[in-house]
Structures are given as C-alpha cells and as structure tokens.
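Some notes on the structure that comes next.
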Amino acid sequence: VRFTGFRPDAKKLLPGADAVLMTSLQEGMPLALLEAMSAGVPVITTPWLGASELLDGGRLGRVLPDWEPQSIVRALHTAVECPGMLNASAQEAMSVARSRYDISVTVREHERLYRRLLAERKPGAPTARVRQTV
C-alpha cells in the first residue's frame with residue numbers, strides 16, 4: 001500500500017494499481033470507483049447503499065458482505081494472490097463504465113432529454129428565461 005497524498009495525475013496512476021478499495025459507509029455515485037472501472041482496475045468495496053447496483057450485483061467488482069476488517073483483509077488477499085479472479089470482472093466493468101458513465105455519454109443523454117422535453121412542450125406554454133451572470 002502506498003499513500004501518495006493528493007496527486008493531480010492520479011488518473012494516470014490507476015492502470016498500475018492491483019485493485020481499488022473503497023471502505024465507505026455511504027456514497028452517492030463515487031467518481032473514484034467509476035474512474036477505476038474505466039481504467040480496468042478491479043474494484044473491492046463495502047456494501048454502502050447503491051454499491052451492488054453500481055457493480056451489477058458483484059458482476060463488475062467485489063461487494064463485501066459487511067464492513068468487518070477480516071472481510072476486507074480476505075478480499076485484498078485474494079486480489080493480490082489471485083489477480084485473475086478479479087480481472088475478468090474488471091474488464092467487464094471497464095466496458096460498462098466507458099459505455100454508460102463516460103462524460104460524452106452523459107452529455108448526449110442530457111441533450112436527448114432536453115430535446116425530448118422541448119418537443120413535448122405545449123404550444124403557448126411560457127418559457128423560462130435564463131439570465132447568465134458573469
């Protein structure tokens with residue numbers, strides 16, 4: 001384990017990692033896990049609300065059953081001693097992350113949503129005015 005502190009080049013370092021471990025109690029949509037997935041790095045995480053959904057029930061990474069230190073140690077041991085066990089899920093996670101969570105995908109989906117909402121707008125409906133301030 002190497003603690004490097006803040007690194008502006010962290011994204012470049014990810015492909016050299018054996019695994020990414022997240023031991024959070026709560027998360028929203030953790031960018032660190034999405035970046036690890038996108039880089040093809042195996043993901044191991046505790047079962048915060050949404051972890052199983054993000055990792056497709058464990059198909060895209062390892063979701064631990066609890067927050068117990070013994071569970072974390074066993075998962076890390078497996079990641080280091082038997083890397084092949086997590087590599088297949090990491091490759092699948094990379095494909096899913098790049099096709100579902102990439103910023104260009106998000107932009108296209110938002111644009112599609114806005115166009116659909118504009119098309120569904122009733123004629124004569126008031127339009128919100130947006131004022132840009134600098």
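The values are calculated or read from the model by the stated rules, or taken from the named source; none is laboratory data. Computed from a predicted structure; not experimentally measured. Every residue, glycine as well, gets a Cβ built from its backbone with ideal geometry; the counts of neighbours run over all protein chains shown. The area values use the complete protein model at the heavy-atom level, side chains included, leaving out ligands, DNA and RNA. Shrake-Rupley method; radii C 1.70, N 1.55, O 1.52, S 1.80 Å.
Structure notes:
- When ARG2, ARG7 are screened for being in contact with a helix residue (DSSP H, G or I) (Cβ under 8 Å, 6 or more places away or on another chain), in a loop (DSSP other than H, G, I, E, B) and farther than 21 Å from VAL105 by Cα, only ARG7 passes.
- Boolean, ALA79 is open to solvent by less than 60 Å² (accessible area, probe 1.4 Å), in contact with a strand residue (DSSP E or B) (Cβ under 8 Å, 6 or more places away or on another chain), small (Gly, Ala, Ser) and in a helix (DSSP H, G or I): yes
Here is a yes/no grid of residues against (1) closer than 25 Å to LYS12 by Cα; (2) without any contact (Cβ under 8 Å) to a residue 40 or more places away in the chain:
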{"position": "LEU34", "(1), (2)": "yes, no"}
{"position": "GLY50", "(1), (2)": "no, yes"}
{"position": "ARG62", "(1), (2)": "yes, yes"}
{"position": "GLN70", "(1), (2)": "no, yes"}
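- Within segment 15-56, considering residues that are among the β-branched types (Val, Ile, Thr) and surrounded by 15 or more Cβ atoms within 10 Å (Cβ to Cβ), the one farthest from TYR101 (Cα to Cα): THR46
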